[in-house]
1. Just checking the output field for A:117-127: average partner chain Cβ neighbours within 10 Å of each residue's Cβ?
2. Would you kindly calculate the translational diffusion coefficient of chain B, applying Stokes-Einstein with the Kirkwood radius from alpha carbon pairs, for 4 °C and a viscosity of 1.567 mPa s, and quote it in µm² s⁻¹ without decimals?
3. Which residue, chosen from B:PRO436, B:LEU352, B:VAL451, occupies the Cα position most advanced towards the positive end of the dipole of the range B:350-466, where the dipole is computed from +1 (Lys, Arg) and -1 (Asp, Glu) charges on Cβ about the Cα centre?
4. What are the lysines whose alpha-carbon lies under 24 Å from the alpha-carbon of A:LYS101, with same-chain residues fewer than 8 places away excluded?
5. What is the helix-to-structure angle for A:51-60, meaning the angle in degrees between its Cα long axis and the longest Cα principal axis of chain A, kept from 0 to 90 and rounded to the nearest 10?
6. If you take every residue apart from B:LEU420 with its C-beta less than 14 Å away from the C-beta of B:LEU420, what net charge results, scoring Lys and Arg +1 and Asp and Glu -1?
7. Report, by chain and number, residues whose modeled amide H sits under 5 Å from the one on B:THR177, excluding near sequence neighbours (fewer than 5 apart, same chain).
8. Can you pull the one-decimal nm distance between simple spin-label points at B:GLU323 and A:LEU126, each 7 Å off the Cα toward Cβ?
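The numbers here are math on the coordinates, done by the rules we state, and not lab data. Small disclaimer: the values here were computed from a predicted structure and weren't measured. As a convention, Cβ positions derive from the backbone with ideal geometry for all residues, glycine included, and neighbour counts pool all protein chains shown.
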Amino acid sequence: MRLLVNFSKKKGTAPIIAQAVKDTGVLINVERAVIDSSEGEALIEVPDDQCKLIRSTMTRLGATVRQLEHGIGVDMSECVDCGACISVCPREVFSFDADYKLVVAEDKCVLCGKCIPACPHKALSLPV
Amino acid sequence: MHKSIETINERIRDGSARVVTAEEMPAIVSELGEEGALKEVDVVTTGTFGAMCSSGAFLNFGHSEPPIRMERIWLNDVEAYGGLAAVDTYIGATQQSDTLEDQYGGAHVLEDLVSGKSVELRATSRGTDCYPRRTITTELLLEDLNQAIMCNPRNAYQRYNAAINTTDRLLHTYMGTLLPDSGNVTYSGAGLLNPITNDPHLRFIGSGVPIFLCGAEGMVVGEGTQHSPGGGFATLMVKGNLKEMTPDYLRAATMTGYGVTMYVGLGVPLPVVDLDVVRATAVRDEDISVDLVDYGVPSRSRPVIRSVNYAELRSGAVEINGEQVRTSSLSSFRKARQVAAELKGWIEKGTLQLALPTRPIDTTKTVHPMHEKKKGPRVLDIMDRQFVSIGESEEIRAAAQKLLKGETNHLPVIADNGKLAGIVTTFDISKAVANPGKACTVKDIMKKKVVTTTTEEAVDIAVRKLEQNNISALPVVDKDRHVIGMLTAINLGKLFGGRWLK
């Protein structure tokens, strides 16, 4: 399961992810992290059955945690199934089925957004 | 055996014609043999759906009261050509909006019209005795226009080179997003479904031949611009009635960093009259090769990495130096199939009959590059031949003195062997002075990764290097990496008022 963890520096600079791993013993996979001067956001992958535990632990440590249900969004009314996105995605989210229709493996998506400017038809967008 | 086009049209009329797509043909030929396929199949339909920048439409608005002779014309803020007398215009697909830039363009205007949306027409004129009106602003639907004739100067490329990028920088090109360090390959074209690939000698594709164009029945006007059949890159000029088209097969698009373009669906039906047609339409993806070209080199003649065929490109990855590099198509094979299938349906229903070209298209010519009488400025023309440099083992203090004395901000650093080793700027020296540490020689503080130029490089290319790297000077080096000059932002000033802008 993928969780989006937001942390604000106002609440201190504690190593929240490391602390959560230490406290729970759950192995967290950090898929993507953006950290700037005042806040940070990390996309982490945790085993489904330990999601609740990680969520409550991180919340207690001062982070805002939200479950990520959706990957990149594809507007099928704009998509023409060209495949421009396929080779640009670092996670191989996009592929063709036997009929050359675009297939999106949403669960693999880490919302990096690299595919968005690669789409000639503006069919791709990050979920809000 | 030979089948006449009259026989084929008779069969189309009575509903007995056997029509297949170019994708189905190879299997039919291998099953029935060439003679058997000739007997069995009457028409092969082709199709392609991809970015075709050289597209647009002639529009006639009708006369206003009082009448205007439009001189400058905008449709939804996209400028259209105003040199066609009173109320005619040509709107080109790649023209960009004055306000929305690459987010909206001529292609979007055409897609909006075809989708039934209203479009704002704005025009100005100087006013004449016969056309007194000076300005007009109104909303128009496609149905309000007298004529809306799509006329595309260059469509249906026979094939198109695939693209790769060997530089360390992400490139945005008309061939899509090219990842650095040969990170991906992009290509375009329908391969075995491509119209001209199925009739490479253009026996049945020529003026007057009916085609599928963006969902409407259109026709071939003749050879397209940049038509280069001698090199395997034939093109077509085509036309069709915009009013009969559908947004399913006409889509505006934006190639990031390049601009607006239009995806066009185009298919040509080919009559199976003899064995030569059977052989040509049995073409498979693996039979069609294109060059894989390095778009990292910003030149007309880009280096070719290797030859690739459409079967490899469509497989999802091609091998380059022992590594599998993933591919992306920019055109839609699924849509190309739909074009060929719709065209097949039209012929099966008897709504479209075939016609032979009224004029043949040249099958031998090759395109030549622009005839440039005046060469654009090269680095040689504006670089500083007088410049100050420094050795890599000299002290930082010496560098500071040289910068002051030379009244420059950049010092190329020369290694003991006389070659360029790095560059130091006033910024590097200020930093070294502000944070005194172990650094004491130029070598310790110089930037070792230097972006350079050469004497023969076009100034426009050098300017892009400055912009992309956010720097203001380039050492000019010879082939042995000896510094022979400097090109700085100040030199670029020589371009203005100089002979190059005349």
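1. That average works out to 5.
2. After rounding, the answer is 49 µm²/s.
3. It is B:LEU352.
4. A:LYS114, A:LYS122, B:LYS335, B:LYS344
5. 50
6. Surrounding charge for B:LEU420 is +3.
7. none
8. Taking the two extended label points, one gets 2.8 nm.
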